[in-house]
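Here's the structure we're looking at; comments come further down.
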Amino acid sequence: MEKTVYSDKYVVVKQLSRKNKPPYTIVKFRPSFVVVAVTRNGKIILVKKYREPLGREILELPAGLKENGGKRPTELARHSLLEKTGYSAKTWVSLGQFSMEPSIVATKPFIFLALDASKKPQLHLATGNGINYGEYSWKEIEELIRKKQLTDSFSIAAIYAAKSYLKL
């Protein structure tokens, strides 16, 4: 038997009753996506964003959640990249979905590769969103991972999926 023990606009937590076994908890997040945006000069765009659970800012790829109904994940990813960083990209490639903590999390985020990303001139980003961005080379990205300055597993998995797709 399955029952919802918590639900809000971002997450649903369900508990499964199992015969002769302890209950099992499953977490379902609203569908999400992450964007590996590569600029014309081969750099990757990272954002720095304050994350409440960690109590600090972290580096991560541009990402977002899919609203109920409406746009497809690709359209949302395009809009999110533009809104959060001011960049748009000519070529978009879906790199599929991947599991995050599949022992308890049922959601599989979408990964998108955005190629030939460039800054849109005179675009005013949404103010007050607490997001800063920067461009990093593949070598700099790997150094950030090595030095544990880029620790978001969502971003790291997407970066390596993009790297594999690009055969780097």
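The values are calculated or read from the model by the stated rules, or taken from the named source; none is laboratory data. This is a predicted model, so every value here is computed, not measured. Don't worry about glycine lacking a Cβ; one is built from the backbone with ideal geometry, like all the others, and counts go over all protein chains shown. For the accessible areas, the whole protein counts, side chains as well, though only heavy atoms, and no ligand, DNA or RNA atoms are used. Shrake-Rupley method; radii C 1.70, N 1.55, O 1.52, S 1.80 Å.
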Tell me which of these ILE26 doesn't satisfy, since it passes every other one: (1) crowded, with 17+ Cβ neighbours inside 10 Å; (2) more than 20 Å from ALA157 (Cβ to Cβ); (3) hydrophobic (A, V, I, L, M, F, W, C).
(1)
Checked GLY42, GLY55 against criteria (at positive phi and without any contact (Cβ under 8 Å) to a residue 60 or more places away in the chain); the one match is GLY55
So, of the residues in the range 54-92 that are open to solvent by 60 Å² or more (accessible area, probe 1.4 Å) and hydrophobic (A, V, I, L, M, F, W, C), which turns out to be nearest to ASP116 (Cα to Cα)?
LEU65
Take the residues in the range 96-113 that are assigned to a loop (DSSP other than H, G, I, E, B) and open to solvent by less than 30 Å² (accessible area, probe 1.4 Å), then tell me which one is nearest to ILE159 (Cα to Cα).
PRO109
Do we have any residue at all in the range 38-53 that's in contact with a Ser or Thr (Cβ under 6 Å, 6 or more places away or on another chain), open to solvent by 20 Å² or more (accessible area, probe 1.4 Å) and not in a loop (DSSP other than H, G, I, E, B)?
no
